[in-house]
Amino acid sequence: MTRQWLSNFILAGTIRFLLMNSEYQKVISDRVEVSTALNSWKRVTEGVYLYNFGIDPYTGDLFHETPIGLYVFNFIQLHLPRWVLFCLFVFTDLLTALLLGFTAKHYAIELISKKLEVERNKKSGNENVESHNDASTIHTSMMYVSAGYLFNPYIILNCVGLTTTVFTNLLYSIALVSMTKVSIMWSGLSISLLTLQGLYPISLIVPTMIYIARSDSPNQKRNIMIFIMVFASMLMTLFCISYYIMGSWSFIWSTLGFILTVPDLRPNVGLYWYFFTEVFEHFRWLFIASFQINVGLLYIVPLALRLRHDPMLLAFSYLAIAAIFKSYPCIGDVGFYISLLPLWRHLFQYTQQGFIVGCFMLFCTIFAPTVWYQWMYSRSANANFYFGVTLAFAIAQIFLLTDILFASVKYEFVVRHGINKDVSGSTAKLLLE
């Protein structure tokens, strides 16, 4: 098992490093599906250049990273040669995969504990609930999740394109593994850093609080209050550090304000750019509010109430919704939550849309650069063609998320009540009408 893990990491790191040193690196980094106004390394380089010459990089519409990110990237740009920079991006991606593997381990243990508890409550084994070797299940889950991240084409392109989403995904992985281990300090720090950078990850405090409430600690309510205080204090501290670095609060409008108001309408894999290009100006703020409420507030409470017994699936749902509906998404965001799908291998037999979703995502991935070329270079297409691809891409992701959520409902029914799936001597498939 260790040898297989090591070979996976070596192969994935080699693929990334070779592509970074190939002629395709610049092409990939310039793709609108990979780099956006928020994560482009070219914009980071220009922002660092302005900062070193005493010019506020937040003046204008160029740089949108946080001041803490600016400080770190400034050190990286000045002190690391290019090949070391490539190694840093590769190492960060490999570390993210390792942390996701540990997340899968903790979640697999949680699922096994739930299954044993249900069987104890029934006071007898249920022959309809599959039994697996626990150690094998845990190792398989770790292997699949880490490999799903290491060899995910979206993640590979995201790393080769040198986007700062690589570091964002690392923070996400820290938040998830800290959440499963009920680590209040690390959860508060990682979620506060993510909130400072992208705003939408603040929703992760909900599954984190559910994990704390379900822990074996006798002071659960007290621990929840401590977590909220740690998160709030760390977020305020990060804002103060950012103010100290820049000497003003101008960065807020260029980071969080930029995400909320969507002033940059360059095409990406999201839905905002086309819609706000077409909408009348006097309706703009109404639809901005509607879009932001949809991604930031609308689903938090309903999903939390329904998935309160499975906070990891709740966190996955929040990540997927943010990647679909956020103002400046990229394929790195999509690849991160897709790599978590092996966590729910036990739900795959209850899903129905796998083939459709797979075909949609494959076709959209191929057609996006094709239609872009026809639009920008050969002038045989227009914005409607490219938006059609991004719209289909979003629909495929919505189908994927809803299919997993419905499959979890079916699985809960089977675990609690049992069901005979043999019809006329052959195994049937469960459908929820």
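Per residue, how much accessible surface does the chain expose to a 1.4 Å probe? Answer in Å², no decimals.
49
Which value, to two decimals, describes the C-alpha radius of gyration of segment 194-335 once divided by 2.2 N^0.38 Å? Let's see the in-between values first.
On the way: Rg = 17.3 Å, N = 142, 2.2 N^0.38 = 14.5 Å.
Relative to the 2.2 N^0.38 Å estimate, segment 194-335 comes out at 1.20.
If you wrap segment 5-125's Cα atoms in a convex hull and average its projection over all directions, what's the area in nm²?
Its Cα hull, projected and averaged over all orientations, spans 11.9 nm².
Could you check how much of the accessible area of the chain is carbon and sulfur, as a whole percent, using a 1.4 Å probe?
Its accessible area is 67 percent carbon and sulfur atoms.
How far is helix 2-20 tilted, in degrees, relative to the longest principal axis of the Cα atoms in the chain, given as a value from 0 to 90 rounded to the nearest 10?
Rounded to the nearest ten degrees, it is 20.
Say the cut-off is 27 Å between C-alpha atoms; which of K181/K221; K114/K221; K42/K105; K42/K326; K114/K326; K114/K410 go over it?
K42/K105; K114/K326
Per residue, how big is the convex hull around the C-alpha atoms of segment 149-190? Give it to me in cubic angstrom, could you?
In segment 149-190, the Cα hull volume divided by residue count equals 57 Å³.
What number does segment 280-368 give for Rg over Rh if you use C-alpha atoms and the Kirkwood radius?
Here the Rg-to-Rh quotient is 1.03.
Angle check, please: helix 250-261 long axis (alpha carbons) against the longest principal axis of the chain (alpha carbons), in degrees 0 to 90, nearest 10.
The two axes meet at around 50 degrees.
Using a cut-off of 11 Å between beta-carbons, work out the net charge of the residues near A368 (Lys and Arg +1, Asp and Glu -1, A368 not included).
Its environment carries a net charge of 0.
Note down, for segment 269-308, the three equivalent ellipsoid semi-axes (square root of 5 times each alpha carbon gyration tensor eigenvalue), biggest first, whole angstrom.
That gives 27, 11, 5 Å for the three semi-axes.
Let me check I've understood the local charge: for F86, count other residues with C-beta under 12 angstrom from its C-beta, Lys and Arg +1, Asp and Glu -1. What total comes out?
Surrounding charge for F86 is +1.
Which value at 222 nm does the chain reach when only helices count, each DSSP H run of 4 or more adding -39,500 (n - 2.57), with the total divided by all residues and rounded to the nearest 500 deg cm²/dmol? Please list the in-between numbers first.
Numbers: 19 runs with 304 residues, N = 433.
Taken over the chain, the calculation gives -23500 deg cm²/dmol.
Just to confirm the number: angle between the C-alpha axis of helix 383-417 and the first principal axis of the chain, 0 to 90 degrees, nearest 10?
Approximately 30 degrees, to the nearest 10.
Mind checking segment 316-389 for chymotrypsin sites (Phe, Trp or Tyr not before Pro) that DSSP puts in a loop (not H, G, I, E or B) and that have at most 11 other Cβ atoms within 10 Å?
Y377
May I ask you to give the average projected area over all directions of the convex hull of the Cα atoms of segment 158-215, in nm² rounded to one decimal?
Spelled out: convex hull of the Cα atoms, projected over all directions, averaged, 3.8 nm².
Placing one identical point scatterer on every Cα of segment 245-319 and ignoring solvent, what is log10 I(q)/I(0) from the Debye formula at q = 0.11, 0.14, 0.20, 0.23 Å⁻¹?
Values returned for q = 0.11, 0.14, 0.20, 0.23 Å⁻¹ are -0.43, -0.65, -0.94, -1.02.
When the convex hull of the Cα atoms of the chain is projected onto a plane and the area is averaged over all directions, what value comes out in nm²?
If I average the Cα hull's projected area over directions, I get 24.3 nm².
Could you give the alpha-carbon Rg of segment 199-240 over 2.2 N^0.38 Å, rounded to two decimals?
Against the empirical 2.2 N^0.38 Å value, I get 1.25 for segment 199-240.
The values are calculated or read from the model by the stated rules, or taken from the named source; none is laboratory data. Computed from a predicted structure; not experimentally measured. All Cβ positions, glycine included, derive from the backbone under ideal geometry; neighbour counts span all protein chains shown. Surface areas here come from the heavy atoms of the whole protein model, side chains and all, with no ligands, DNA or RNA. Shrake-Rupley method; radii C 1.70, N 1.55, O 1.52, S 1.80 Å.
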